[in-house]
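Data first, discussion second: the structure below is written as structure tokens.
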Amino acid sequence: MRLKGKHIVLGITGSIAAYKAAYLLRGLVKEGAEVQVVMTPAAKEFITPVTMSALSGKPVASEFFSANDGTWHSHVDMGLWADLMVIAPATTATIGKMARGIADNLLITTYLSAKCPVMVAPAMDLDMFQHPANLANLEIIRSYGNLIIEPGEGALASGLHGKGRMEEPENIVEEIVRFFSQKKKLLNRHFLVTAGPTYEKIDPVRFIGNYSTGKMGYAIANELAAYGAKVTLISGPVNIKNVNPEINVIPGESAQLMHSLCMDIFPLVDGAVMCAAVADFTPESYSESKVKRGKDDLIIRMKPTKDIAGDLGKIKTDKQILVGFALETNDELNNAYSKLQRKNLDFIVLNSMNDAGAGFGFDTNKITMIGKDNKPAFFELKSKTEVAHDIVAKIISEMESNNLLQE
Ligand code: CTP
């Protein structure tokens with residue numbers, strides 16, 4: 001009975017996977033949760049409210065008003081009652097409505113009123129899942145702090161094969177159990193995260209930069225916030241608009257600015273994750289006016305920047321955790337391990353440029369985590385959100401084994 005006393009609103013939308021919601025509901029009730037089911041009108045075409053009310057032991061909420069006596073079904077009360085809202089299956093249409101606040105059914109009004117965390121398990125055909133509209137809406141709801149339970153790959157109801165299958169109910173139950181046991185793990189803890197590239201200015205219109213998009217660092221910041229941590233994110237120039245509003249984002253365009261911000265903030269935090277692709281060199285001088293075309297070659301002399309992670313490593317106390325990244329092209333494990341030692345990191349996350357789908361710009365990443373014991377832990381290619389989950393899980397376990405998470 002790992003969910004005893006928990007109040008869960010289970011939202012069901014119109015997908016073939018709605019039948020799985022019955023198994024999910026049964027699993028939640030078995031674990032002791034009290035579950036209020038909310039169905040969209042379309043969901044009732046796929047599974048009957050009778051099944052769901054029998055399994056939950058409560059009438060299903062679906063309409064704004066009861067047809068018999070005009071009683072108002074209060075989405076506000078449901079939203080306040082719940083410790084967690086789980087929308088499974090969530091169709092593309094529902095995800096879109098959640099993203100934009102289109103409150104045309106009781107499920108969406110409940111979602112908009114909910115004060116509790118929200119988990120969303122998408123279920124749809126692979127082309128619908130991959131459509132930029134759907135991916136953009138998922139990003140938007142993620143930025144509201146909603147937790148996405150990634151769909152799996154496999155046979156789809158359409159006969160196609162690919163990503164879009166709703167996660168299996170027993171795995172969602174486990175996810176929910178984990179959520180309740182973990183969600184306060186980092187409450188009252190403060191983390192510093194760096195993300196994105198740096199731009200090193202040459203003149204008012206030119207800079208030297210790199211291809212980092214910031215996606216990995218932003219995913220880590222979101223994940224830390226989901227565990228209840230306070231997060232300060234020092235961000236290089238990126239094009240990510242949807243950020244969890246709880247996260248304090250401070251722009252740090254250049255290596256120098258990022259360095260001074262990090263040095264100021266680090267003494268105040270419990271941990272730092274250095275995800276930014278910081279320039280190693282910056283132009284020795286800055287031209288106040290635009291450099292003009294000439295007949296001769298243009299030579300820009302570069303000087304080394306300060307190593308932010310390395311400098312934080314020098315002032316790190318044994319009450320703090322410091323995590324770095326290494327993007328390598330060759331002799332990856334040795335290079336990463338020597339970086340870990342040189343910068344006094346607790347562990348390092350290695351990306352290899354030789355792995356397809358890993359590195360700058362992708363929505364996926366393939367990492368290896370190496371701790372002070374120099375025993376690499378290899379991970380599969382996953383979405384950056386899932387990778388962030390793995391990294392934060394490692395942070396929590398490191399902090400626990402160093403007794404840093406006791407009150
Ligand atoms: N890093 C940093 N400040 C720098 C350079 C890097 O904080 N000026 C951090 C990165 O955010 C990352 C780690 O150090 O967490 C390793 O970055 P990387 O560029 O791989 O290492 P470098 O020390 O720059 O070594 P090299 O580029 O020679 O491989």
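Below, the figures for the structure above:
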read-out	value
Residue among D83, D318, D125 with the largest mean-square fluctuation in a Gaussian network model of the chain, springs linking Cα atoms under 10 Å	D318
Accessible area of F281 in the full protein assembly, 1.4 Å probe (Å², nearest 10)	110
Protein accessible area in the chain, 1.4 Å probe - carbon and sulfur %	52
Positive minus negative residues near P304 (Lys, Arg vs Asp, Glu; Cβ under 13 Å)	-2
Kirkwood Rh, angstrom, the chain [1 / mean 1/r, Cα pairs]	23.1
Residue of I140, I348, I240 that the Gaussian network model of the chain assigns the largest fluctuation, springs spanning Cα pairs under 10 Å	I240
Cβ-based charge dipole, the chain, positive-most Cα from A133, T48, T317	T317
Choice from K339, K290, K366 with maximal GNM fluctuation in the chain (Cα, 10 Å cutoff)	K290
Only Lys, Arg (+1) and Asp, Glu (-1) charged, at Cβ; the chain dipole about Cα centre in debye	520
Exposure rank, largest accessible area first [D270, D346, D77, D297; 1.4 Å]	D297, D77, D270, D346
Amide H contacts under 5 Å for V231, placed H, 5+ residues apart	F191, N248
Fraction of antiparallel bridges per DSSP, the range 7-183 only, in percent to nearest 5	25
Karplus-derived 3J(HN,Hα), 6.51/-1.76/1.60, for each residue of the range 194-202, Hz, glycine and proline x	10, 8, x, x, 10, 10, 9, 6, 9
Bridge type composition, the chain - antiparallel percent by DSSP, nearest 5	30
Relative contact order (percent, whole number), the chain, Cα cutoff 8 Å, 6+ residue spacing	11
Options A272, F64, I202, ranked by Cα towards positive dipole end of the chain, top entry (Cβ charges)	I202
Nearest-0.05 FRET efficiency for N403 and E175, computed from C-beta distance (R0 45 Å)	0.95
Accessible-area order (highest first, 1.4 angstrom probe) of the listed residues W81, W72	W72, W81
Charge dipole of the chain about the Cα centre (unit charges at C-beta), most positive-ward option of I149, L25, V387	V387
Debye intensity ratio I(q)/I(0), log10, the range 190-401, q values 0.08, 0.17 Å⁻¹ (C-alpha model)	-0.28, -1.18
FRET efficiency, A356 to A157 (Cβ-Cβ, R0 25 Å, nearest 0.05)	0.25
S401 accessible area, 1.4 Å probe, all protein chains in place, Å² to nearest 10	80
Sequence-distant residues sharing a close amide H with I87 (under 5 Å, placed H)	G11, M119, V120, A121
Accessible area of H7 in the full protein assembly, 1.4 Å probe (Å², nearest 10)	50
Residues whose placed amide H lies under 5 Å from that of F281, excluding near-sequence neighbours	T305
Pairwise label distance in nanometres, K115 with E380, each label 7 Å out on the Cα-Cβ vector	4.0
Expected 222 nm ellipticity per residue - DSSP helices of 4 or more, -39500 (n - 2.57), all of the chain, to 500	-10000 deg cm²/dmol
Karplus 3J(HN,Hα) series, Hz, for the range 393-405 with 6.51 cos²θ - 1.76 cosθ + 1.60 (x for Gly, Pro)	4, 5, 4, 4, 5, 4, 5, 5, 6, 9, 6, 9, 10
For the range 103-245: relative contact order, % (alpha-carbon pairs under 8 angstrom, 6 or more apart)	22
Most to least accessible of F179, F207, F64 (protein chains only, probe 1.4 Å)	F207, F64, F179
Table column - 3J(HN,Hα) (Hz), the range 365-371, Karplus curve with 6.51, -1.76, 1.60, x for Gly and Pro	7, 10, 10, 10, 9, 10, x
Gain upon complete extension [L333, R293; 0.36 nm per residue less C-alpha separation]	10.0 nm
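The values are calculated or read from the model by the stated rules, or taken from the named source; none is laboratory data. In this text, all values refer to a predicted model and were calculated from it rather than measured experimentally. FYI the Cβ positions are ideal-geometry reconstructions off the backbone, even for glycines, and counts take in every protein chain you see. These area figures cover heavy atoms from the full protein model, side chains too; ligands, DNA and RNA do not enter into them. Shrake-Rupley method; radii C 1.70, N 1.55, O 1.52, S 1.80 Å.
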